[in-house]
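Novice: Pasting a structure below so you can have a look.
The values are calculated or read from the model by the stated rules, or taken from the named source; none is laboratory data. A quick note: this is a predicted structure, and the numbers were derived from the prediction, not measured. Because the Cβ atoms are built from the backbone with ideal geometry, glycine has one as well, and the counts that use them run over all protein chains shown. SASA here: full protein model, heavy atoms, side chains in, ligands and nucleic acids out. Shrake-Rupley method; radii C 1.70, N 1.55, O 1.52, S 1.80 Å.
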Amino acid sequence: QVQLVESGGGLVQAGGSLRLSCAASGRTFNVYAMGWFRQAPGKEREFVAAITWTGDGTYYADSVKGRFTISRDYGKSAVYLQMNSLKPEDTAVYYCAGRYYSTISVFRSEYDYWGQGTQVTVSS
């Protein structure tokens, strides 16, 4: 099994920045592409960003493009989400996810492992 643990969430004012981290442990060789999703109260969990196994391919939701950056560190078995120019509508629980395949997916159902989530709250 693979365990994913997110950290770095918190309360920030609009226009501020946060950096989320996701640490993977266990059978990490089973995890290839990684992604971030978020879920706001009363809404469906939605795709935010993803990165390929090699790290040379990334993809972002239109709502965060140009503001968020996903990256990974193989040595630390970690993936990060740098969030800049935060807006109140970015408020949500952010989840890290991993999948067996090396290619990116924007679909929740195509991810095999999930973290417990970290709360991000952006005040206006």
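Novice: Quick check on Thr69: is it part of a strand (DSSP E or B) and of a type in the set (Val, Ile, Thr)?
Specialist: Criteria met by Thr69.
Novice: Does the range 59-77 contain at least one residue that is touching a helix residue (DSSP H, G or I) at 6+ places or on another chain (Cβ under 6 Å) and either modelled with pLDDT under 90 or crowded, with 21+ Cβ neighbours inside 10 Å (or both)?
Specialist: yes
Novice: Pull up the range 84-98, narrow it to residues that are more than 13 Å from Phe37 (Cα to Cα) and of a type outside the set (Ser, Thr, Tyr), then point me to the one that is least open to solvent (accessible area, probe 1.4 Å).
Specialist: Looking at the filtered set, the residue picked out is Leu86.
Novice: Failed condition for Asp112, given (1) open to solvent by 20 Å² or more (accessible area, probe 1.4 Å); (2) in contact with a Ser or Thr (Cβ under 9 Å, 6 or more places away or on another chain); (3) over 16 Å from Glu46 (Cβ atoms), with all others met?
Specialist: (2) is the only condition that Asp112 fails.
Novice: Shifting gears a bit: Which ones in the range 27-43 are open to solvent by 20 Å² or more (accessible area, probe 1.4 Å) and in contact with a Lys or Arg (Cβ under 7 Å, 6 or more places away or on another chain)?
Specialist: Matches in the range 27-43: Tyr32, Gln39.
Novice: Out of the range 44-54, which residues are open to solvent by 30 Å² or more (accessible area, probe 1.4 Å) and touching a strand residue (DSSP E or B) at 6+ places or on another chain (Cβ under 8 Å)?
Specialist: Within the range 44-54, Arg45, Glu46 qualify.
Novice: Follow-up question, since we're still on this one. Among residues belonging to the range 76-88 that are without any contact (Cβ under 8 Å) to a residue 60 or more places away in the chain and under 16 Å from Thr118 (Cα atoms), point out the one that is nearest to the chain's Cα centre (by Cα).
Specialist: Across the range 76-88, the extreme among qualifying residues is Val79.
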